[in-house]
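J.: Before I ask anything, here is the structure I am working with.
The values are calculated or read from the model by the stated rules, or taken from the named source; none is laboratory data. Since the structure is predicted, the reported quantities are computational estimates derived from the model, not experimental observations. All Cβ positions, even for glycine, are placed from backbone atoms using ideal geometry, and neighbour counts span all protein chains on display.
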Amino acid sequence: MRDVKRQSLGGTTGRQGRMWSAAVVLLAAMLSPTPAAPHPAPVSLTHPGWVNPPLLAAPTPPRSVDPPLRMSVRDAQGASLRGAITGFDPAGFLFQVRGESEPRRLGWALLSPARVYTIHERLLDRDDGEGWLRLGAALYARAAPGPGEKALAVALRADAGLAGRAERARQGEPLGEPEAGPQAGEGEETQGDAPTQNQAEASAPAGRKGPVSRGATQEMFWGTLTNEIMTSSTSTLLEEVRAARKSLSIDLKVYQQSEYYLFVSDLPGSEAQRWLGLLDRLYHRMCDTFAVTRGTNVFRGKCLVYVFRREADYQRFHNVVSGINVAGTAGLCKSYGNGQVEITAYQQRDRNVLAHVLAHEVVHGFLHRYRSHPFVVSWINEGLAEFVAADLIGLYRPREVRERVARSLTLRGGTSGMLSDAMIEGWQYPVAQALCDFMIAQDRGRYRDFVNAIKDGKPWRKALAEDYGVSQVRLLGAFGQALGLPGLRN
């Protein structure tokens, strides 16, 4: 976009770029009055840590509305807008204002709960149980049990199996993820093998508080690996690709020219090369962010990336090869205890959506492999992935993100416990993104030290206090003040 500046985390922030206001920049002094403590070198960890993090899913792109739904709304400033809804998701909708070239992103919070329900009667199919369930949860979160219960009633008529999650919606608790089909029994992976079906499981008991561990972490596959391990690991991945090609009967081509990726796709060659170039730029960006020498390959062998031309093949790949349910995702990062990383995605109508999904997922994969094996908790992991992905492709609009975040936090009375060990929810992605931006804007060196300390095995709260230099309460207070929300709570 012409009005957006592309900037590197490691570069200088320009006056017109991704800069917090002067009042916010002054908060740097408040954030940390003393120098951060130096880090010890990475050590061999004896505690189990995060063994095998779950699948990290990119948010599904907005559903398109065809034909567009004509209506009028008022924006956050109260101005009347006439136009049509062209897309929507649980957090808001795309509204094409008459006379404007690009649709605006508006939040459902701008509309009354009753009107939100009425509009969704035009947007959701009656058999879309998951869609109605999430609508009901959102309406209950707005203290609107009337329309909220009506939405849950539709969800339960569509799928009686949603009863347990519907009750959590009524209680204001996290919904949890849709339950996947039955999986094979659990088991540990063998040294040097490709990821197994058991370790690829993404589903977890409803209401879980954190990642589900599958298999054992094999520490020998982190740090500097021998040429023999790197070569044999890449060969194993190529064998996996050949097996997938045979199982799916899809003409999957393998692009091996990157130092860091095996890119596998049925897209035309020119398209595949374009995406591979983007991923190489992202890798260099992450190296610069964490002071890794360019040319250093952090992956075990290479990162395996599948991009399918059709969504149906993306889902079939996971049903047949991975044995997992990927409904409702636009892309996935699978990170394994043996150090391997697999990214999957599918082509989108809007190239920027696929660019964002790929970048988002590869950030997860990089963090899995960077430095050591401890898992970086969700609010940090997702916040950095969202921030880097949007900024890399030139679509990060900080003012819009902050306004949206401020509205969400005001509506919910805080972050709803986002700063914890639990996986964050969809509405918290932009909150985590803005908080990541804020922390880097204060001191990108301290942010790097903060992540390094976590990867060295330090609990994130201790790393926040000792390596970034503030407590959780102090960080949220400064972040809230920057958003115009003094006294922001977790």
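J.: Here's a check for you: in segment 395-421, which residue that is out of contact with any Phe, Trp or Tyr (no Cβ under 8 Å at 6 or more places or on another chain), in contact (Cβ under 8 Å) with a residue 60 or more places away in the chain and among the small types (G, A, S) is surrounded by the most Cβ atoms within 10 Å (Cβ to Cβ)?
T.: Checked segment 395-421; the qualifying residue surrounded by the most Cβ atoms within 10 Å (Cβ to Cβ) is A406.
J.: Continuing with the same structure: At pLDDT below 95 and over 17 Å from the mean Cα position of the chain (by Cα), is that true of D391?
T.: Considered against the rule, which asks whether it is at pLDDT below 95 and over 17 Å from the mean Cα position of the chain (by Cα), D391 comes out as no.
J.: Further, regarding this structure: If we scan segment 241-258, do we find a residue that is touching a residue at least 60 places away in the same chain (Cβ under 8 Å) and either touching a Leu at 6+ places or on another chain (Cβ under 9 Å) or buried (at least 20 other Cβ atoms within 10 Å of the Cβ) (or both)?
T.: yes
J.: So, in segment 445-476, exactly how many residues are in contact (Cβ under 8 Å) with a residue 24 or more places away in the chain, basic (K, R) and over 14 Å from L488 (Cβ atoms)?
T.: Residues flagged as in contact (Cβ under 8 Å) with a residue 24 or more places away in the chain, basic (K, R) and over 14 Å from L488 (Cβ atoms) within segment 445-476 amount to 3.
J.: Another one. Test of understanding: among R105, R74, which residue is among the basic types (K, R), touching a Lys or Arg at 6+ places or on another chain (Cβ under 9 Å), at pLDDT below 90 and not assigned by TED's automatic domain parsing to the domain that holds L411?
T.: Selected residue: R105, the only one of R105, R74 that is among the basic types (K, R), touching a Lys or Arg at 6+ places or on another chain (Cβ under 9 Å), at pLDDT below 90 and not assigned by TED's automatic domain parsing to the domain that holds L411.
J.: Give segment 283-336 a look and list any residue that's aliphatic (A, V, I, L, M) and more than 24 Å from Q348 (Cα to Cα), or say none.
T.: Result: M286, A291, V292, V298.
J.: Tell me which residues, restricted to segment 102-116, are under 27 Å from the mean Cα position of the chain (by Cα) and assigned to a helix (DSSP H, G or I).
T.: Across segment 102-116, the qualifying residues are W108, A109, L110, V116.
J.: Out of the residues in segment 233-261 that are among the charged types (D, E, K, R) and touching a helix residue (DSSP H, G or I) at 6+ places or on another chain (Cβ under 9 Å), which is nearest to Y336 (Cα to Cα)?
T.: So, considering only residues that are among the charged types (D, E, K, R) and touching a helix residue (DSSP H, G or I) at 6+ places or on another chain (Cβ under 9 Å), the one nearest to Y336 (Cα to Cα) is E240.
J.: Could you check, for segment 313-335, whether at least one of its residues is at pLDDT 95 or above, of a type in the set (V, I, T) and closer than 21 Å to L238 by Cβ?
T.: No, because not a single residue in segment 313-335 is at pLDDT 95 or above, of a type in the set (V, I, T) and closer than 21 Å to L238 by Cβ.
J.: Just one of (1) surrounded by 24 or more Cβ atoms within 10 Å (Cβ to Cβ); (2) farther than 26 Å from R448 by Cβ; (3) modelled with pLDDT of 95 or more; (4) not charged (D, E, K, R) trips up C303, so point out which.
T.: Result: C303 passes all but (2).
J.: Moving to a separate point now. Please specify each residue of segment 90-107 satisfying the condition of being among the charged types (D, E, K, R) and farther than 17 Å from D350 by Cβ.
T.: Listed by number, the residues that qualify are R98, E100.
J.: Which one of these is surrounded by fewer than 23 Cβ atoms within 10 Å (Cβ to Cβ), out of contact with any strand residue (DSSP E or B) (no Cβ under 9 Å at 6 or more places or on another chain) and touching a residue at least 12 places away in the same chain (Cβ under 8 Å): Q481, Q428, Q442?
T.: After ruling out the rest, the residue left standing is Q481.
J.: Next up: Between a residue in segment 340-360 that is outside the structural domain of F299 (by TED's automatic domain parsing) and any residue that is part of a helix (DSSP H, G or I) and not charged (D, E, K, R), which pairs come within a Cβ distance under 8 Å, given they are 6 or more apart or on different chains?
T.: Within 8 Å, no pair qualifies.
J.: Answer yes or no as to whether R122 is exposed (fewer than 12 other Cβ atoms within 10 Å of the Cβ), touching a Leu at 6+ places or on another chain (Cβ under 7 Å) and either closer than 23 Å to G328 by Cα or outside the structural domain of R134 (by TED's automatic domain parsing) (or both).
T.: Criteria met by R122.
J.: Can you tell which of M286, M220, M230 is within 26 Å of H373 (Cα to Cα) and touching a helix residue (DSSP H, G or I) at 6+ places or on another chain (Cβ under 7 Å)?
T.: M286
J.: A further question on this structure: Yes or no: T329 touching a strand residue (DSSP E or B) at 6+ places or on another chain (Cβ under 6 Å), assigned to a loop (DSSP other than H, G, I, E, B) and either outside the structural domain of A138 (by TED's automatic domain parsing) or over 30 Å from L248 (Cα atoms) (or both)?
T.: yes
J.: Looking only at segment 138-153, count how many residues are within 29 Å of the chain's Cα centre (by Cα) and in contact (Cβ under 8 Å) with a residue 24 or more places away in the chain.
T.: Looking only at that region, the number is 8.
J.: OK, next. Is segment 273-281 home to any residue that is under 23 Å from V451 (Cβ atoms), without any contact (Cβ under 8 Å) to a residue 60 or more places away in the chain and buried (at least 23 other Cβ atoms within 10 Å of the Cβ)?
T.: No, segment 273-281 contains no residue that is under 23 Å from V451 (Cβ atoms), without any contact (Cβ under 8 Å) to a residue 60 or more places away in the chain and buried (at least 23 other Cβ atoms within 10 Å of the Cβ).
J.: Among the residues in segment 218-225, are any surrounded by 16 or more Cβ atoms within 10 Å (Cβ to Cβ), assigned to a loop (DSSP other than H, G, I, E, B), at pLDDT 90 or above and more than 28 Å from the chain's Cα centre (by Cα)?
T.: yes
J.: From R281, R300, which residue is in a loop (DSSP other than H, G, I, E, B) and either touching a Phe, Trp or Tyr at 6+ places or on another chain (Cβ under 7 Å) or over 22 Å from E240 (Cα atoms) (or both)?
T.: Just one listed residue meets the conditions, R300.
J.: Let me ask something else. Could you run through segment 62-100 and say how many residues are over 19 Å from L123 (Cβ atoms) and assigned to a loop (DSSP other than H, G, I, E, B)?
T.: Counting residues in segment 62-100 that are over 19 Å from L123 (Cβ atoms) and assigned to a loop (DSSP other than H, G, I, E, B) gives 8.
J.: Yes or no: segment 350-364 includes at least one residue that is farther than 25 Å from W460 by Cα and outside any helix (DSSP H, G or I).
T.: yes
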